[in-house]
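The values are calculated or read from the model by the stated rules, or taken from the named source; none is laboratory data. Every value quoted in this text rests on a predicted model; they were computed, and no experiment measured them. Please note: Cβ atoms are built from the backbone with ideal geometry, for glycine as well, and neighbour counts cover all protein chains shown.
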Amino acid sequence: MPAALRGDLTKWCQQIQTGVYVGNVNARVRERLWERIVKNIGQGEATLVYNTNNELGYMFRTTRKDKEVIDADGIPLVKSLFQTQTTKHGFSNAYKYHQAKKFSHPKIKGLDFVSLDLETSGLNPSSAQIISIGAVKRVAGHTTTFYRLVKLESGKKVPVDIARMTGLNNERLAAEGVLVKEALIDLQAFTKGLPIVGYNLLFDERFLQTAVIRTGIVQFNNKMVDVLPYVKTTDKFCDNYHLTTVLAKYGVKNEQPHNSLADATATMELVDKLIKIYGFRI
């Protein structure tokens, strides 16, 4: 566990067992702690359980990318989001073979999909918002790009650390951004029902769903494919599963990390490599 995260938890909670923290905090502190956990957990996993007014008297959250906590008439349930393929792993000749074949396959032709990435003003869709949308579409071997900056909703600001990381501040979004409803309608027209692929796409999808509900437009009906769980399943040799780490391992360059269009472009190249090496399916 990162030292900074351990410090946040021990400030408000008591560690009763390795990795298990118990505390009695108000809702505001709980939400801030959870934001810190999601931000700093790295390749680890965390689950939060807390009291609330539902049928069972409690609710829980998880950082697992392959699970989603849903509310079924006041009863929290866990929904599996992905079906992973069973693949044999180990220090075998197969792994060495795959590594040697990384750059030896012919180019992929005829695979149509959209690679998507969002930049947001925070980690929680209920309090933060989309600030930029980047996408790359491939149809019949031809690629086109999509990029929109999004105006901030009334009363919202871009935190200093997010502005520094993305290069997007309040002034730039006000001058160059469009309304989120307009950006989403344009994105729907751009994707045209094609499969949407992303790295940690579950995070982006939650922001999309929240924005769609707020604006009242039609839901995206595209097939959503998250690359992150697949990489975790098929490649056990990564130091961690941050996008920058995975891109470096597969030889994909990204000159502008945390730029949504650059990230979407790099993700498309990563997907191509996963298809060539492992037969990844969209």
*Take the residues of region 256-274 that are free of Cβ contacts under 8 Å to residues at least 60 places away in the same chain and more than 15 Å from the chain's Cα centre (by Cα): which is surrounded by the fewest Cβ atoms within 10 Å (Cβ to Cβ)?*
Q256
*Collect the residues in region 221-255 that are under 15 Å from the mean Cα position of the chain (by Cα), outside any helix (DSSP H, G or I) and under 23 Å from G193 (Cβ atoms), keeping them in residue-number order.*
M224, V225, D226
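For residues that are in a helix (DSSP H, G or I), of a type outside the set (S, T, Y) and closer than 16 Å to V225 by Cα, tally how many sit in region 256-282. Outline the logic, then answer.
Restricting attention to region 256-282, the residues satisfying the condition of being in a helix (DSSP H, G or I) are 260-278.
Still in the running and of a type outside the set (S, T, Y): 261-264, 266, 268-277.
So of that shortlist, the ones also closer than 16 Å to V225 by Cα come out as 263-264, 266, 268-275.
Number satisfying all stated conditions: 11.
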*Tell me, which residue of region 34-53 that is touching a strand residue (DSSP E or B) at 6+ places or on another chain (Cβ under 8 Å) and of a type outside the set (F, W, Y) is surrounded by the most Cβ atoms within 10 Å (Cβ to Cβ)?*
I37
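Taking the stated definitions as given, is F237 in the same structural domain as G122 (by TED's automatic domain parsing) and at pLDDT 95 or above? Spell out the reasoning first.
Numbers: in the same structural domain as G122 (by TED's automatic domain parsing): yes; at pLDDT 95 or above: no.
Spelling it out, it is not the case that F237 is in the same structural domain as G122 (by TED's automatic domain parsing) and at pLDDT 95 or above.
State the number of residues belonging to region 212-240 that are touching a Ser or Thr at 6+ places or on another chain (Cβ under 9 Å), surrounded by 15 or more Cβ atoms within 10 Å (Cβ to Cβ) and not β-branched (V, I, T). Outline the logic, then answer.
Going through region 212-240, the residues touching a Ser or Thr at 6+ places or on another chain (Cβ under 9 Å) turn out to be 220, 222, 227, 229-230, 232-234, 238-239.
Then keep just the ones that are surrounded by 15 or more Cβ atoms within 10 Å (Cβ to Cβ); that gives 220, 222, 227, 229-230, 232-234, 238.
When the remaining residues are screened for being not β-branched (V, I, T), the result is 220, 222, 229-230, 232, 238.
Number satisfying all stated conditions: 6.
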*asked:* Quick check on L179: is it of a type outside the set (V, I, T), free of Cβ contacts under 8 Å to residues at least 60 places away in the same chain and buried (at least 21 other Cβ atoms within 10 Å of the Cβ)?
replied: no
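Can you pull out the residues in region 123-159 that are over 17 Å from E176 (Cβ atoms) and surrounded by 18 or more Cβ atoms within 10 Å (Cβ to Cβ)?
As a first pass, look at region 123-159 and keep what is over 17 Å from E176 (Cβ atoms): 123-128, 135-144, 154-155, 159.
Of everything in region 123-159, those that are over 17 Å from E176 (Cβ atoms) and surrounded by 18 or more Cβ atoms within 10 Å (Cβ to Cβ) turn out to be P125, A128, A135, V136, K137, R138.
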